[in-house]
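The values are calculated or read from the model by the stated rules, or taken from the named source; none is laboratory data. Everything numeric here is computed off the predicted structure, so don't read it as measured data. Because the Cβ atoms are built from the backbone with ideal geometry, glycine has one as well, and the counts that use them run over all protein chains shown. Quick note on the areas: whole protein, heavy atoms, side chains included, nothing else; ligands and nucleic acids left out. Shrake-Rupley method; radii C 1.70, N 1.55, O 1.52, S 1.80 Å.
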Amino acid sequence: GAVVSQHPSWVICKSGTSVKIECRSLDFQATTMFWYRQFPKQSLMLMATSNEGSKATYEQGVEKDKFLINHASLTLSTLTVTSAHPEDSSFYICSAQGGGNTEAFFGQGTRLTVV
Amino acid sequence: AQSVTQPDIHITVSEGASLELRCNYSYGATPYLFWYVQSPGQGLQLLLKYFSGDTLVQGIKGFEAEFKRSQSSFNLRKPSVHWSDAAEYFCAVAAGGTYKYIFGTGTRLKVLA
């Protein structure tokens, strides 16, 4: 299957700072990328959908000014958590769809800890 | 609205025993259905998927799932569980061909030696 790489795998940051997470499709062009959030021992909740070259569409209840999503190319989407707080600590996973594939492919996830 | 229900939060089975994890979905059209497995602190691994055709789907690691439209179910089965199967299992449905996945709440599998 197609490969989606997420970086970093884990990150620790101080409260008030911003952190950027990258999601790359390595062997196909991802017309659409999705960002999910998973709290400990809970399911994955969709945060937003991004299409290359256009603004992301955020799910209800997700603060678009806090979670900045950029999908500037067909192989890269970034999620920036701005002014991070401890309650933003979570596992963030991206998925990518495109290249004629009939399913989306998931990255390995990024564990964010805000201290 | 689309939704996925996994009725069992926790399941414990003995190694070598059979396993069935339940998944029910709510979706207006023919869904794309998936089962994923997640080990602690890890990402998602696709076990199997159903788009159309044969309703009994074979996956990796000896797993299979059966799509039953009349019951809106897509239960995951394995005839003999191994200790390495202990993990969290998620059922998901793709909504409207957008590849926007809706996940169930997950079932945590514990395997007794």
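A few remarks follow.
- Residue tally, condition more than 10 Å from every other protein chain (Cβ to nearest Cβ), open to solvent by 70 Å² or more (accessible area, probe 1.4 Å), of a type in the set (S, T, N, Q) and under 22 Å from B:Q38 (Cα atoms), over region A:20-47: 0
- Within region B:58-70, considering residues that are in contact (Cβ under 8 Å) with a residue 12 or more places away in the chain and surrounded by 14 or more Cβ atoms within 10 Å (Cβ to Cβ), the one nearest to B:A1 (Cα to Cα): B:F67
- A:Q108 meets all of the listed conditions (1) more than 10 Å from chain B (Cβ to nearest Cβ); (2) in contact (Cβ under 8 Å) with a residue 24 or more places away in the chain; (3) assigned to a loop (DSSP other than H, G, I, E, B); (4) on the phi < 0 side of the Ramachandran plot but one, namely (1).
- Leading residue by the ranking (least open to solvent (accessible area, probe 1.4 Å)) among those in region A:58-68 that are within 14 Å of chain B (Cβ to nearest Cβ) and either at pLDDT below 95 or more than 17 Å from A:T31 (Cα to Cα) (or both): A:V62
- Across region A:48-57, the qualifying residues are those that are more than 11 Å from chain B (Cβ to nearest Cβ) and of a type outside the set (S, T, N, Q), and the one among them that is most open to solvent (accessible area, probe 1.4 Å) is A:K55.
- Boolean, B:S73 is open to solvent by less than 70 Å² (accessible area, probe 1.4 Å) and touching a residue at least 40 places away in the same chain (Cβ under 8 Å): yes
- Residue satisfying all of: in region B:88-113; open to solvent by 30 Å² or more (accessible area, probe 1.4 Å) and at pLDDT 95 or above; nearest to the other protein chains (Cβ to nearest Cβ) among these: B:R108
- Search result, residues across region B:1-19 that are closer than 28 Å to A:E59 by Cα and assigned to a strand (DSSP E or B): B:S3, B:V4, B:T5
- Scanning region A:15-44 for residues that are in contact with a Pro (Cβ under 8 Å, 6 or more places away or on another chain) and closer than 22 Å to A:Q60 by Cα turns up just one, A:I21.
- Enumeration of residues in region A:4-19 that are more than 15 Å from A:S83 (Cα to Cα) and open to solvent by 50 Å² or more (accessible area, probe 1.4 Å): A:H7, A:S9, A:W10
- Residues that are in a strand (DSSP E or B), more than 29 Å from A:S90 (Cβ to Cβ) and modelled with pLDDT of 95 or more occur in region B:20-36; there is at least one.
- Total residues in region A:42-68 satisfying the condition of being hydroxyl-bearing (S, T, Y), free of Cβ contacts under 8 Å to residues at least 24 places away in the same chain and either outside any loop (DSSP other than H, G, I, E, B) or closer than 17 Å to A:I21 by Cβ (or both): the figure is 3.
- Hits in region A:69-92 (condition: of a type in the set (A, V, I, L, M, F, W, C) and either open to solvent by 10 Å² or more (accessible area, probe 1.4 Å) or not in a strand (DSSP E or B) (or both)): A:I69, A:A72, A:L74, A:L76, A:A84
- Checking region B:38-57 against the condition returns a match, with at least one residue being free of Cβ contacts under 8 Å to residues at least 24 places away in the same chain, assigned to a strand (DSSP E or B) and buried (at least 20 other Cβ atoms within 10 Å of the Cβ).
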